[in-house]
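Below you'll find the structure, written out as structure tokens, and then a few comments.
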Amino acid sequence: MNTPFDISRIHTPQGIFRLKGELQASPPKLVCRQLEILGSDGWLELRVEDNRTQVLLDALFEPVREHLKPSLL
């Protein structure tokens, strides 16, 4: 089962992000349609199809899961 999400702001060790997508249950994965990082000049959109962005999404899985945990219960 996939859980859709729309996070307007999340603070993580990797930075401050806003993202839209789904939290995939099996295998556990972040499926992101839109990902932005807060830079010094405002929000910057990241290309979710890039390999480096996929590595970043893997690192964001746990913080996003923890952020969504109350709504998953």
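The values are calculated or read from the model by the stated rules, or taken from the named source; none is laboratory data. Keep in mind that what you see is a predicted model, and the values were worked out from it rather than measured. For neighbour counting, all protein chains shown are included, and Cβ atoms are generated from backbone atoms with ideal geometry for every residue, glycine included.
Listing for the model above:
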| quantity | calculated |
| --- | --- |
| Any chance Gln54 is part of a strand (DSSP E or B) and among the polar types (S, T, N, Q) | no |
| Test for Leu68: is it assigned to a helix (DSSP H, G or I), within 11 Å of the chain's Cα centre (by Cα) and under 13 Å from Pro4 (Cα atoms) | yes |
| The one condition in (1) of a type in the set (Ser, Thr, Tyr); (2) at pLDDT below 95; (3) not in a loop (DSSP other than H, G, I, E, B) that Ser26 fails to fulfil | (3) |
| Single match in Leu23, Leu56, Leu19 (criterion: of a type in the set (A, V, I, L, M, F, W, C), under 11 Å from the mean Cα position of the chain (by Cα), over 24 Å from Met1 (Cβ atoms) and surrounded by 14 or more Cβ atoms within 10 Å (Cβ to Cβ)) | Leu56 |
| Pairs, first closer than 17 Å to Leu44 by Cα in the range 4-32, second aromatic (Phe, Trp, Tyr) and assigned to a strand (DSSP E or B), C-beta under 6 Å, six or more apart | Ile10/Phe17 |
